[in-house]
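Only the coordinates and a few stated rules stand behind these numbers; no lab work does. Owing to the predicted nature of the structure, the values given are computational and were not obtained by experimental measurement. When we count neighbours, we look across all protein chains shown, and the Cβ atoms used for this are built from the backbone with ideal geometry, even at glycine.
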């Protein structure tokens, strides 16, 4: 019984981590069809902002929840103005540009901070489910992931900004004719996606090995989740995280970590074969979730 | 007699020859000058995921070269270090290895960090007859007369760590290791020593290097309830295991012994609350307080500052490996590969920061000290030392005295 509870808790944690890793990417890709290959480095920058500002004496919560999204959001804003805005609609070019950006960011961070940095440890400590110890911090990770997904959904669904954003994504020319500046919306959306990546990096920093190349370990999972989710950003990313998170966690627990990774990739392969446009884009689920966000 | 009528082609040819000769002249001259310095090659990752290991190694080999030059050099000549940053990329290892052997024509190459990189460049140096030193602790078994391995192998360290863990904490072990040749082979050695000590291995799990989530593993370990966790996890992604382990409140419940923890910079980067109590065994620790060790760390820190990562066995063995080679050259009185190899095979020894290091003829490995230490407040508390440990694992399969023509890595058949 306690073991079942523990496994369920681990699954929830694993899903939450996937949501954190992929939501920022989902916002940028889903809204603008820009494939941000530097997404892993955006996460890394979030982690570094948290670690460096916390070590400099900033309160850990402020460092994680405020400093990290703010810094990476501003960084994303600059990136959009300097590179991305010239490349909208040119998928291959944006991939190349963001890949170059990821190399540059890794190099820059290595130059400034070296290859290792003193990390921060997770607050709270552990708690027991039956006879099993697990981490209280995981509750926090789950809470942040849920809040992030709910926040993005609420903004898109109920605010004027969300309405304009959705309109721009559907038909930028018509939106422009109605007096909206698509340039402005793209910029804000890119900054929002970057900020979400920064927040995710910050929240995961205390339970990760923080190094300039940490982004590489996250990027594949984030992409698989976003592509598996399909066009509806929040619902798609959430459902894909749920599916992939559960499968890899259960496979890891009952077999080995190697097979856990294999199972995730297999699940993604099968799913893309059956639902080429992702969960919310094709098949029965696509029709059911056609109007979802 | 025909009048001399140079053809156009002939004229062009002789002009080209003349010009070529004029251009080549300074090249030849420069070469003659450069021959005065002995070139020593170094292949280390100074950037990328393995960069933090390579930086400390690069620092100590530069220190060794500088000290040698300050003392008058080698065979009356100065020594010049030719280093290429292999950027944690195997492809660059092969490329630069050829460059060192064929273009720079170095007398010896020190380098390689991961076992994969060593196996990429060892054949290159065999082919082009270049002496090669691998100064890193590894899984053991390399048997190659053109190569010397100066780091520790499992018989020297794992064989100290595992018995200590079994005696101190109990007989049930849970092994977690990185999923590539080092982790796979080291896990086998761990299993062997656990059984030799009368213990049982509850499970052995391997982790690809990009795994960052360890919640499921932490649950499985608790389900098994071992008396000790033996870890051969590698790389900064795997550091997450120790943090998630501590976050789950497991650190004071089940102790961890590791063959890799702290080799890079973990002890400085993760909090004491996450690292305190982890026990490791290496051939050297920066905290070692012998006069030779203190003088060495002082010299390194004075030259390269406190920004340099931890001075681990990797950095120390690189320094000692270079010194061993220099002693070999002195004894041989020559840079010739065969003469230096034969000189080294006489059992040359140096007194390094870790203590006495002696070349073992039969295996081309070294007899050296091993230590046990416990992490305490971002430092290693060295609490046990084992003098003059022989590379018994490799010695069981490799005898270069009898079969000097061997050039392979034995995968030592550990009974599982």
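Observations on the model:
- Compactness relative to 2.2 N^0.38 Å, alpha carbon Rg of the stretch A:237-293: 1.24
- When only alpha carbons are used to place a centre, the stretch B:391-409 and the stretch A:143-170 end up 66 Å from one another.
- Distance between modelled label sites at residue B:129 and residue B:295, nm, 7 Å Cα→Cβ extension: 3.8 nm
- Shielding score for A:116-127, defined as the mean number of other chain Cβ atoms within 10 Å: 6
- Förster radius 56 Å - calculated FRET efficiency between residue A:269 and residue B:383, Cβ distance, rounded to 0.05: 0.65
- Between residue A:112 and residue B:403, the modelled labels are 5.5 nm apart [label points 7 Å from Cα along Cα→Cβ].
- Where labels lie 7 Å past Cα in the beta-carbon direction, separation of residue B:361 and residue A:55 in nm: 5.1 nm
- Nearest 10 degrees, 0 to 90: helix B:115-127 Cα axis against chain B principal axis: 30 degrees
- Stokes-Einstein D in µm²/s, Kirkwood radius over Cα pairs - chain B at 20 °C with 1.002 mPa s viscosity: 94 µm²/s
- For the stretch A:2-288, the relative contact order comes to 34 percent (Cα pairs under 8 Å, sequence separation of at least 6).
- Ranking of B:300, B:82 by count of other Cβ atoms within 10 Å, fewest first: B:82, B:300
- Helix B:313-332 vs. chain B, principal-axis angle (Cα, 0 to 90°, nearest 10): 40 degrees
- For the stretch A:1-76: rounded, prolate or oblate by the Cα gyration tensor [a/c cutoff 1.5]: oblate
- Considering only chain B, percent of DSSP beta bridges that pair antiparallel, nearest 5: 40 percent
- Order of B:399, B:351 - criterion: other Cβ atoms within 10 Å of each residue's Cβ, fewest first: B:351, B:399
- Kirkwood-based Rg to Rh ratio, the protein assembly as shown, C-alpha trace: 1.05
- Based on Cα atoms of the stretch A:4-132, Rg over Rh with Rh as the Kirkwood radius reads 1.05.
- Treating r as the C-beta distance of residue A:183 and residue A:95 and R0 as 22 Å, the FRET efficiency rounds to 0.55.
- Computed over all pairs of different Cα atoms, the Kirkwood value for the hydrodynamic radius of chain A is 19.5 Å.
- Of the residues A:99, B:325, A:153, B:380, the one with the fewest other Cβ atoms within 10 Å heads the list, and the complete ranking is A:99, A:153, B:380, B:325.
- Shielding score for A:2-11, defined as the mean number of other chain Cβ atoms within 10 Å: 2
- Calculated FRET value between residue B:67 and residue A:82, using beta carbons and R₀ = 45 Å, to 0.05: 0.40
- For the stretch B:158-258, radius of gyration divided by Kirkwood radius, i.e. Rg to Rh on alpha-carbons: 0.93
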